[in-house]
Amino acid sequence: MSTPTRDLEARPAVPSGFRAAARVFEHRAYQYRRAFRGSLFGSFVNPALFLTAMGLGLGGYVNANSPDAFGGVSYLLFLAPGLLAGSAMQQGIFEATFPVMYGLVWRRIFHAMYATPIGPRAVALGTLAWIAFRLGLVAIIFTFVAWAFGAVTSPLAILGIPAAILTGLAFAGPMGAYMATQRTPDKFSAIFRWVITPLFLFSGTFFPIESLPGALQPIAWLSPLFHGVELTRGATLGTLLDDPFRAVAHLAILVGLVAVGGILFVRNIRAKLAA
Amino acid sequence: MSAEIASSSLIHARGLTKRFGTFTAVDAIDFDVARGEAFGFLGPNGAGKTSTMRMIGCTSPFNEGTLRILGMDPETEGPEIRGRLGVVPQQDTLDEELTVRENLVIYGRYFGLSRAECGRRADELLEFAQLSERRNSRVEPLSGGMKRRLTIARALINEPEVLLLDEPTTGLDPQARHLLWDRLYRLKQRGVTLVLTTHYMDEAEQLCDRLVVMDKARIVAVGSPRQLIDYYSTREVAELRFPVGVLEALDGQLDGLADRIERLPDRVLLYAEDGEAVAEAAHHRGLRPETVLVRRSTLEDVFLRLTGRSLVD
């Protein structure tokens with residue numbers, strides 16, 4: 001046999017499974033190195049502005065007029081976890097839109113990855129892992145800012161961080177799967193206007209869904225953000241375990257969405273790369 | 001079985017077919033690429049060259065036929081095969097959010113190389129691609145030729161046994177093309193097998209030891225550039241260019257002048273062993289073309305003969 005084997009032996013084993021996805025994650029970390037200062041600064045400023053304007057400003061009026069409207073807690077305490085889940089949703093959506101366009105259409109770096117031993121599954125899962133990491137950073141900073149505002153009263157608040165990550169991923173998976181089928185991000189603004197903004201406003205983020213007209217209340221259960229808000233709020237207010245069955249239901253719905261979204265994301269990335 | 005194929009050819013295809021819906025992009029083609037050779041797919045746009053390259057690159061499943069690369073099966077051993085290939089796609093896929101050097105390092109990581117090894121190879125390859133001065137520059141401001149060289153450097157980070165180049169010099173100016181050809185020639189001398197597609201006959205003649213001519217999803221001829229020219233064309237060609245209108249009125253006057261005659265919209269190609277003699281004979285017949293050009297046959301003539309069309313429209 002004339003095939004030289006020297007090269008073969010010198011070659012490292014091709015990365016597969018977890019190691020392959022970790023390489024994709026590493027690529028994103030390299031990209032992020034140049035942007036992280038501005039990005040982290042924004043992660044501090046955004047919640048600080050919202051908590052000041054709505055939690056303290058608006059909340060001041062709310063608390064003065066109806067002290068018991070939010071189950072005996074101040075509006076700031078009610079609002080902070082809702083905002084945490086809401087911003088995790090937005091971050092998850094955003095991270096699954098433009099980076100996916102960049103990878104599949106604009107700079108085609110996902111195609112470049114697929115020319116190596118990296119497969120479509122690693123591309124998709126590495127991307128989701130990176131989104132989870134970014135969501136984690138945002139949630140940690142948010143929780144810190146909320147604590148500085150006095151909006152954290154229970155050590156359980158730490159559980160708000162994984163709850164926020166889960167909420168963001170529940171949106172990132174399906175959104176990534178959808179964007180993988182698109183040639184342009186044109187649909188993004190429509191999705192933001194008709195899906196994200198209504199969910200942001202009516203999922204118990206700013207007021208309890210019990211304030212909605214009776215007929216609309218069950219619809220809130222269809223909103224993934226509602227389940228995220230219930231979890232983060234339960235965590236920061238320390239009421240999560242008061243009704244364990246309810247908490248598990250919220251958790252199961254979000255985990256289910258992450259799983260379905262993740263599977264669709266992998267499938268659509270594969271359809272695009274391996275045509 | 002695979003060992004016996006591996007010993008004879010690096011890439012082995014029989015009846016390879018690729019369909020997109022009802023459209024057949026590649027129609028039952030056969031070819032073999034031997035270790036160390038520069039092998040080309042020559043053909044016009046849409047001939048099926050890129051689809052073929054993507055099947056070889058194990059990023060595009062095929063519908064029918066057999067394909068073995070480095071003795072392995074793309075359907076089951078795609079990642080292992082891709083680990084030993086270098087791919088230079090038609091469209092650059094560099095990451096513009098990274099620097100020149102980072103593009104190489106991060107790419108090496110995909111092949112399972114350590115960071116230190118990636119860095120070492122990146123510096124070597126930047127030298128080879130004549131991009132060392134731009135190592136810490138962003139990718140975006142680089143010229144087209146530099147980006148191409150960076151893409152080639154990136155494709156070499158895993159020390160591939162086969163380098164796949166899809167239209168490597170399309171869109172580059174002549175100087176950048178010659179620089180690139182020089183780099184590819186050096187790679188070939190180092191023993192890297194080159195597989196490239198092109199619709200430039202000069203590129204095919206410069207770089208390829210052997211090539212196949214593709215047209216409409218099929219292979220229409222195979223051989224070395226010299227063999228193809230000898231077999232499908234004559235040694236020389238006399239190109240007679242006539243004013244508009246005159247060409248159509250030449251009916252019959254050219255008969256018997258040359259071994260073969262091709263009429264193009266603006267000129268007539270007379271194929272013969274001795275082009276000068278043919279041009280002179282035409283003059284004796286009273287033909288007065290605007291210009292006369294006698295040249296050696298090229299792959300362009302081969303393509304014209306095989307398909308009745310020009311390579312570049």
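Laboratory data are not the source of any read-out in this text; all were calculated from the coordinates shown. These numbers were taken from a predicted model, which means no experiment stands behind them. Here Cβ is always computed from backbone atoms with ideal geometry, including for glycine, and neighbour counts include all displayed protein chains.
Things to note:
- Chain B, relative contact order in percent, only Cα pairs under 8 angstrom and at least six apart counted: 19 percent
- Gyration tensor (alpha-carbon) shape descriptor, the stretch B:64-189, a/c threshold 1.5: oblate
- Unit charges on C-beta of K, R, D, E only; dipole of chain B, Debye: 740 debye
- Look at the dipole of chain B built from charges on Cβ: of B:ASN45, B:ALA279, B:VAL139, the Cα furthest out on the positive end belongs to B:VAL139.
- Residues A:HIS27, B:HIS12 in ascending order of nearby Cβ atoms (within 10 Å, fewest first): B:HIS12, A:HIS27.
- Listing B:VAL244, B:VAL26 from fewest to most neighbouring C-beta atoms within 10 Å gives B:VAL244, B:VAL26.
- Placed amide H near B:ALA25: partners under 5 Å, 5+ positions off or other chain: B:LYS18, B:ARG19, B:PHE20
- Intensity falloff of the protein assembly as shown expressed as log10 I(q)/I(0), Debye formula with alpha-carbon point scatterers, at q = 0.08 Å⁻¹: -0.69
- Sorting B:TYR200, B:TYR185, A:TYR75, A:TYR61 by the number of Cβ atoms found within 10 Å of their own Cβ, with the fewest placed first, yields A:TYR61, B:TYR185, B:TYR200, A:TYR75.
- Chain B: angle of helix B:100-109 to the longest principal axis, Cα-based, in degrees nearest 10: 70 degrees
- For B:ALA38, distant residues with modelled amide H under 5 Å away: B:LEU194, B:ASP209, B:ARG210
- 3J(HN,Hα) couplings calculated from phi for the stretch B:252-260 with the Karplus curve 6.51 cos²θ - 1.76 cosθ + 1.60 (θ = phi - 60°) are, in sequence order, x, 6, 8, 3, x, 5, 9, 4, 8 Hz; Gly and Pro show x.
- In sequence order, the stretch A:207-221 has phi-based couplings of 8, x, 5, 4, 7, 6, x, x, 5, 7, 4, x, 4, 4, 4 Hz under the Karplus curve 6.51 cos²θ - 1.76 cosθ + 1.60, θ = phi - 60°, and Gly or Pro positions carry x.
- Length-normalised contact order for chain A - Cα pairs under 8 Å, 6+ apart - percent: 27 percent
- Annotation: amide H of B:VAL87 within the under-5 Å range of B:LEU164, sequence separation 5 or more or interchain, hydrogens built in the peptide plane.
- Pairs over the 25 Å Cα-Cα cut-off, from the set A:LYS272/B:LYS49; B:LYS147/B:LYS188; A:LYS272/B:LYS188: A:LYS272/B:LYS188.
- Fully extending the segment from B:GLU127 to B:ASN63 would add 18.9 nm, taking 0.36 nm per residue of separation and subtracting the current Cα-Cα distance.
- Between helix A:160-179 and chain A: long-axis angle, C-alpha atoms, 0 to 90°, nearest 10: 50 degrees
- Charged side chains reduced to their Cβ positions (Lys and Arg at +1, Asp and Glu at -1) give the protein assembly as shown a dipole of some 1420 debye around its Cα centre.
- Residue with peak Gaussian network fluctuation, chain A [Cα springs, cutoff 10 Å], from A:PRO218, A:PRO120, A:PRO47: A:PRO218
- Nearest-20 debye value, the stretch A:16-273 charge dipole, Cβ charges on Lys, Arg, Asp, Glu: 1440 debye
- Residue among A:ALA132, A:ALA22, A:ALA88 with the largest mean-square fluctuation in a Gaussian network model of chain A, springs linking Cα atoms under 10 Å: A:ALA22
- Along the stretch A:35-47 the Karplus relation, 6.51 cos²θ - 1.76 cosθ + 1.60 evaluated at θ = phi - 60°, assigns HN-Hα couplings of 10, 5, 4, x, 5, 5, 4, x, 5, 7, 5, 4, x Hz to successive residues, with x for each Gly and Pro.
- Choice from B:ALA116, B:ALA153, B:ALA238 showing the highest fluctuation, given a GNM over chain B with Cα pairs closer than 10 Å: B:ALA116
- Dipole of chain A, positive end: most advanced residue of A:PHE50, A:GLN217, A:ALA96 [Cβ charges, Cα centre]: A:ALA96
- Considering only B:LEU247, A:VAL14, B:MET55, the residue lying farthest towards the positive end of the dipole of the protein assembly as shown is A:VAL14, judged by Cα position with unit charges set on Cβ.
- Calculated [θ] (222 nm, deg cm²/dmol) that DSSP helices of n ≥ 4 give over chain B, each run adding -39,500 (n - 2.57): -10500 deg cm²/dmol
- Taking each DSSP H run with n ≥ 4 as -39500 (n - 2.57) and averaging over every residue of chain A yields -21000 deg cm²/dmol at 222 nm.
- For the stretch B:2-224, fraction of C-alpha pairs farther apart than 33 Å, in %: 14 percent
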